[in-house]
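The values are calculated or read from the model by the stated rules, or taken from the named source; none is laboratory data. Bear in mind the structure is a predicted one, so any value in this text is a computation, not a measurement. Every residue, glycine as well, gets a Cβ built from its backbone with ideal geometry; the counts of neighbours run over all protein chains shown. Heavy atoms of the whole protein, side chains included, go into the accessibility calculation; ligands, DNA and RNA do not. Shrake-Rupley method; radii C 1.70, N 1.55, O 1.52, S 1.80 Å.
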Amino acid sequence: MTNSVFAKDALLPTGWSTNVRLSWNDKGRLAEIETDAAPPTNTAIAIAKGPLIPGMPNLHSHAFQRAIAGLTEFRGQSVDGQQDSFWSWRSLMYRFALRLDPAQMEAIALGLYVEMIEAGYTSVCEFHYVHHDADGRPYADDATLALALMRAAQRAGIGLTLLPVLYQTSGFGGTAPGEGQRRFIRSTDSMLRLLERLKPLCDAQGARLGLAPHSLRAVPPEGLRQALVGLDAIDATAPIHIHIAEQTKEVGDCIAWSGQRPVAWLLDHADVNARWCLVHATHMDADEYARAARSGAVAGLCPTTEANLGDGIFDLSAWRAAGGSRGAGGVWGIGSDSHICVNAAEELLMLEYSQRLATRQRNVAADSGQPHVATAMTLAAVQGGAQAAGRLDPGCVAGLAIGQRADFVVLDAAHPSLAGLGAADMLSSHVFASHRTSAIDSVWVGGAQRTKGGRHLLHDSATAGFVAARTQLLSTT
Ligand code: ZN
């Protein structure tokens, strides 16, 4: 079995290096990284067909929503007085969520995770909130749907951070949950029992387990406090993710309830630190940008979903200028969230373009150390994604360094957009100029090659399973 690859160009944490040989051990962790190596004469060493870049952690996914991607792109009825807003999208998503069975969940997630790997993601944070059966009753095994997601990740071969979601109310101030939310609702005790059940199973699979209080509108202060205390008793380093400040309505409702904006409230009422991922954090004032960045929390940006839902534009320059805990600017990563787009390169493109449109400048996410914006963004998003996944330490997914997993993507140097260019320009073309064709040759997770010629080894069966599950769901929705 191959445990070594040679690349003419590879993107290491310090930047581009040439003639790089990566070797990994039988656990799939990088054991040796040699630069300026001689090209191999030994056929046991794979030769990369183009620049080798680190695999991208996807820090925010709701797997089942892949089945409704593309189904809400028409003008519909207004909800809460708003025409075609996030809230009208949510009502269709709820109708779908209410029909889903465990086999469909697994089939949709498997199809999605295969797609993710083909698109350059090598691990995923699954923000998992459909817990119960269609009537809102716990399954005989309360972990049924979580286990379906874990099986899908294992079959696809993608790294997993499982984040069961605490969801208790439908609005600020303890508003009772709606009928459409019955599959999501849990007491804090039942959540902690679920985490206790899942912890050894995640450990055995090499997955990370964390907790996702859904949002401040869905978890009252006391539930949040108790859940965080309970989580610490299970794993005091577990990642914590929360949706926050995605919508201006949510900001207004939070101010009406507490007198504070959501991020400011959270920073004042929870010990927000580097374990946290603030998903979206789209609507912050200058003080919130500064304080949240300094906390060390990751900004979990989902640019194509935020664009699709009309959320607003995150101010990446303010975040980076605010200074994170490591003194290198606020930490951020990317997620595909609703899966309107499953493509790591396209998330980076959308993020950079939103900044260009807002600021009328170019190459906004570049920095003095990395003037090539696609290179700078890739390195930043891998680090931030790994931190959000709770997988930053050795044995984890924080880029091409000794001890990290051998998670990497090989670009196709023969792709028309890349051919004949230098390595940094090839990555730029992959992100900005591949014209929605894939310039990925192969993807490796933990040293195992998962795609060949751009296709995952399970591509055909996983795709067929996904389409069948979506067809079933559509016929009953
Ligand atoms: Zn989300």
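With the requirement that a residue be crowded, with 20+ Cβ neighbours inside 10 Å and closer than 25 Å to residue 350 by Cβ, what does the stretch 429-449 give you?
429, 430, 431, 434, 439, 440, 441, 442, 443, 445
Report, ordered by the first and then the second residue, all pairs with beta carbons closer than 8 Å, sequence separation of six or more or different chains, a first member in the stretch 33-49 that is farther than 19 Å from residue 409 by Cβ, and a second member that is open to solvent by 90 Å² or more (accessible area, probe 1.4 Å).
39/47; 40/47
What are the pairs, 6+ residues apart or on separate chains, where a residue within the stretch 344-359 that is without any contact (Cβ under 8 Å) to a residue 40 or more places away in the chain has its Cβ under 6 Å from a residue that is of a type outside the set (A, V, I, L, M)?
Sorted first by the residue in the stretch 344-359, then by its partner, the pairs are 356/362.
Tally time: how many residues in the stretch 223-268 are open to solvent by less than 10 Å² (accessible area, probe 1.4 Å), more than 20 Å from residue 396 (Cβ to Cβ) and assigned to a loop (DSSP other than H, G, I, E, B)?
1
Mind telling me which of the residues 180, 157, 223 ends up being in contact with a Lys or Arg (Cβ under 7 Å, 6 or more places away or on another chain) and outside the structural domain of residue 448 (by TED's automatic domain parsing)?
Going through 180, 157, 223 in turn, just one is in contact with a Lys or Arg (Cβ under 7 Å, 6 or more places away or on another chain) and outside the structural domain of residue 448 (by TED's automatic domain parsing): 157.
Hey, does the stretch 207-218 have a residue that's farther than 24 Å from residue 333 by Cβ and either assigned by TED's automatic domain parsing to the domain that holds residue 192 or modelled with pLDDT under 95 (or both)?
No.
Please enumerate the residues belonging to the stretch 54-72 that are aromatic (Phe, Trp, Tyr) and within 13 Å of residue 89 (Cα to Cα).
none
Based on what the data block shows, is residue 201 in contact (Cβ under 8 Å) with a residue 40 or more places away in the chain and open to solvent by 10 Å² or more (accessible area, probe 1.4 Å)?
Yes: the conditions hold for residue 201.
Which of the following residues is within 16 Å of the ligand (Cβ to nearest atom) and either over 15 Å from the mean Cα position of the chain (by Cα) or closer than 30 Å to residue 90 by Cα (or both): 369, 335, 330?
Being within 16 Å of the ligand (Cβ to nearest atom) and either over 15 Å from the mean Cα position of the chain (by Cα) or closer than 30 Å to residue 90 by Cα (or both) holds for just one of 369, 335, 330, which is 335.
Give the stretch 285-307 a look and list any residue that's surrounded by 20 or more Cβ atoms within 10 Å (Cβ to Cβ) and out of contact with any strand residue (DSSP E or B) (no Cβ under 9 Å at 6 or more places or on another chain), or say none.
288, 289, listed by residue number.
How do the strands (runs of 3 or more DSSP E) wholly within the stretch 25-125 filter down when requiring 2 or more residues that are open to solvent by 30 Å² or more (accessible area, probe 1.4 Å): which remain?
30-34
Of all residues in the stretch 427-443, how many are outside any loop (DSSP other than H, G, I, E, B) and within 18 Å of residue 365 (Cβ to Cβ)?
Selection size over the stretch 427-443: 6.
Which one is farthest from the ligand (Cβ to nearest atom), of the residues in the stretch 269-297 that are in contact with a Pro (Cβ under 9 Å, 6 or more places away or on another chain) and part of a strand (DSSP E or B)?
Checking each candidate, the answer is 276.
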